Amino acid sequence: MELELKKYVLELGYTFRISRESRDTQDSLVVCLSLNGETGYGEATTNSYYNVTVESMMAEISEVEPYINTITCIDPSEFHHYLTSKNLSQFAICALDVAAHDLYGKLKGMPLYQLWNTSNEHYPITNYTIGIDTIEKMVEKMVKKPWPLYKIKLGTAYDLQIIEALRNHTDATFRIDANNAWSVEQTLQLAPRLKDLQVEFLEQPLHAENIEGYRALRGKCELPIIADESCIVEQDVARCAGLFDGVNIKLTKCGGLTPALRMIQKAKSLKMKVMVGCMTESTVGISAIAQLTPQLDYVDMDGAMLLKNDIATGIQIQEGGKLNFPSIGGTGVRLLS
């Protein structure tokens with residue numbers, strides 16, 4: 001099997017700001033695995049919060065390239081097991097794991113959701129994210145992109161005013177992501193008002209390590225709470241049970257599709273809602289997430305929608321959230337020249 005690594009600087013349509021950072025571009029690594037005339041593609045974006053760069057991922061992957069070059073028959077589960085044994089970062093493993101799944105599906109001539117015995121007849125629609133800005137700018141972004149479901153980033157001194165202003169311009173459902181920025185008191189105070197403003201749930205309102213805070217919210221918060229930064233790897237799903245109503249699984253953070261599939265089943269067994277989110281990936285990463293949608297309650301896969309220019313073809317998200325799945329196997333990705 002042949003390995004090729006490609007670095008991209010993805011330009012965003014708007015400055016993307018959350019409670020702890022802002023950016024205009026997103027660095028991304030695309031892994032290409034080729035075997036028997038087919039190529040599989042996987043992606044992992046960089047993240048300063050987790051101290052991951054393209055260069056760090058490329059250095060890790062170069063260490064296992066000699067082994068990759070010996071592979072003559074790809075089995076994604078065995079491949080993932082080998083990668084975890086080499087202590088690569090979850091981000092690097094994700095890019096390799098998704099590429100392996102894409103390649104496997106293409107060699108089989110079937111999209112992944114079919115190989116997993118699921119149907120794409122029913123799936124949740126993705127939200128569209130509105131990053132933190134002035135109230136006027138946030139309203140402008142929303143009005144320019146009519147959508148039935150928005151994720152609103154909060155963590156300002158005027159959070160309630162933001163939602164009140166946005167509500168004046170749409171009947172769409174809102175989801176709130178405070179990215180660790182609130183206190184227990186803020187959450188309990190804001191939740192009833194936000195519920196009245198048609199907010200569906202809160203994502204990670206408190207700091208990920210504030211376990212006692214989440215215990216204090218349990219049974220008292222008027223909105224469901226979904227874990228994000230508190231749910232990174234497989235073991236975290238069980239830890240979140242009893243503290244959260246659901247988990248948001250990120251492929252880059254957990255190490256790809258292989259562990260994500262197990263995390264979905266574990267969360268369901270614990271009667272938790274299941275969401276898969278993105279990290280501003282291009283269509284390479286988003287197409288992998290799309291294969292999981294028949295198994296999900298919620299999905300946040302708008303990464304490619306936030307870019308000025310995409311780098312690949314694959315899943316198409318049409319107006320209103322309808323998905324057009326590629327006819328080719330795997331995740332259905334082809335890189336643009």
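Things worth noting here:
- Per-region count, the stretch 262-294, residues surrounded by 19 or more Cβ atoms within 10 Å (Cβ to Cβ) and within 23 Å of Gly329 (Cβ to Cβ): 16
- Some residue of the stretch 275-295 being touching a strand residue (DSSP E or B) at 6+ places or on another chain (Cβ under 6 Å), in a loop (DSSP other than H, G, I, E, B) and at positive phi: yes
- Screening Leu103, Leu112 for residues that are modelled with pLDDT of 95 or more, aliphatic (A, V, I, L, M) and more than 30 Å from Gly13 (Cβ to Cβ) leaves exactly one candidate, Leu103.
- Extreme residue, nearest to Ile163 (Cα to Cα), among residues of the stretch 187-198 that are surrounded by fewer than 21 Cβ atoms within 10 Å (Cβ to Cβ) and of a type in the set (S, T, N, Q): Gln198
- Test: residue in the stretch 67-90 that is part of a helix (DSSP H, G or I) and touching a Cys at 6+ places or on another chain (Cβ under 9 Å): yes
The values are calculated or read from the model by the stated rules, or taken from the named source; none is laboratory data. As the structure is a computational prediction, the values presented were derived from the model and not from experiment. Every residue, glycine as well, gets a Cβ built from its backbone with ideal geometry; the counts of neighbours run over all protein chains shown.
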